[in-house]
Amino acid sequence: MVEGPGHIPINEIEANIILEKRMSGESPFYMLGPITTDIAPGYDHITAAIGAALSSAYGADFICYVTPSEHLGLPFPEDVREGVMAARIAAHIGDMIKLGRKERDKEMSKARRDMDWARQFALAIDPERAMEIKGKRDNGDEHMCTMCGKFCANDILMGMFTNDMEGSDKR
Ligand code: SF4
């Protein structure tokens, strides 16, 4: 396995992978993220996940997780969790392109359209986090999402669709 760079801007990721793959006879390629900017200490799980998602999409075979404490200190368990979740999300984003795995995202779109919360949580990469955030914003109506409240486009469209169907039944 060939190990790639850990700190490069996003416009150099694709060329790195193409060159490494060509020069190594298509050996497995391991990208250390890469971290895509050096000015965000405390957020390197995000700078690395951006690089990892692109690396994976361009053909990297292995990515690593980076914690928020990178360049600052040894990670605590909660830092490790943040880093691993960011890397898992990056790997999935890359696989959507590299391996064409988009089915789960399509299913999530349908679950959101239907306001099917159980299905949304089942499809989520981190159901615990999703349930925690939704639970903290409870407005007394479990069906609703509080982001746009009564202006929820989903709810309005579903209401229009239902009214339309009822109207056409009467005609
Ligand atoms: S309230 Fe807004 S964010 Fe929430 S489901 Fe409806 S459209 Fe989406």
By residue number, the members of region 24-44 that are within 17 Å of Glu12 (Cβ to Cβ) and not in a loop (DSSP other than H, G, I, E, B) are Phe29, Tyr30, Met31, Ile35
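Of the residues Thr67, Thr47, only one is within 30 Å of Ser27 (Cα to Cα) and part of a helix (DSSP H, G or I); which? Before you say what the answer is, go through the steps one by one.
Values: Thr67 fails: part of a helix (DSSP H, G or I).
Just a single option satisfies the conditions, and that option is Thr47.
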Output the number of the condition that Pro75 fails; it satisfies all remaining conditions of (1) surrounded by fewer than 23 Cβ atoms within 10 Å (Cβ to Cβ); (2) in contact with a strand residue (DSSP E or B) (Cβ under 6 Å, 6 or more places away or on another chain). (2)
Residue check, Val80 over 24 Å from Val2 (Cβ atoms), of a type in the set (Val, Ile, Thr) and in the same structural domain as Glu26 (by TED's automatic domain parsing): yes
When Ile18 is run through (1) touching a helix residue (DSSP H, G or I) at 6+ places or on another chain (Cβ under 7 Å); (2) not in a loop (DSSP other than H, G, I, E, B), the failure sits at (1)
Return a yes/no flag: does region 43-53 have any residue that is in contact (Cβ under 8 Å) with a residue 12 or more places away in the chain and farther than 18 Å from Gly4 by Cα. yes
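With a cut-off of at least 3 residues that are within 12 Å of the ligand (Cβ to nearest atom), name the helices (runs of 4 or more DSSP H) lying wholly within region 92-160. Before the answer, list the steps.
Details: elements: 103-113, 117-123, 127-136.
Once the helices (runs of 4 or more DSSP H) in region 92-160 are filtered for at least 3 residues that are within 12 Å of the ligand (Cβ to nearest atom), what remains is 103-113.
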Out of curiosity, is Met96 open to solvent by less than 30 Å² (accessible area, probe 1.4 Å) and not β-branched (Val, Ile, Thr)? no
Residue check: is Met85 surrounded by 12 or more Cβ atoms within 10 Å (Cβ to Cβ), in a helix (DSSP H, G or I) and in the same structural domain as Phe29 (by TED's automatic domain parsing)? yes
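The values are calculated or read from the model by the stated rules, or taken from the named source; none is laboratory data. This one's a predicted model, so the numbers in the text were calculated from it and none came from an experiment. Cβ coordinates were reconstructed from backbone atoms using ideal geometry, including for glycine residues, and neighbour counts include every protein chain displayed. These accessible areas exclude ligands, DNA and RNA; they are computed on the full protein's heavy atoms, side chains included. Shrake-Rupley method; radii C 1.70, N 1.55, O 1.52, S 1.80 Å.
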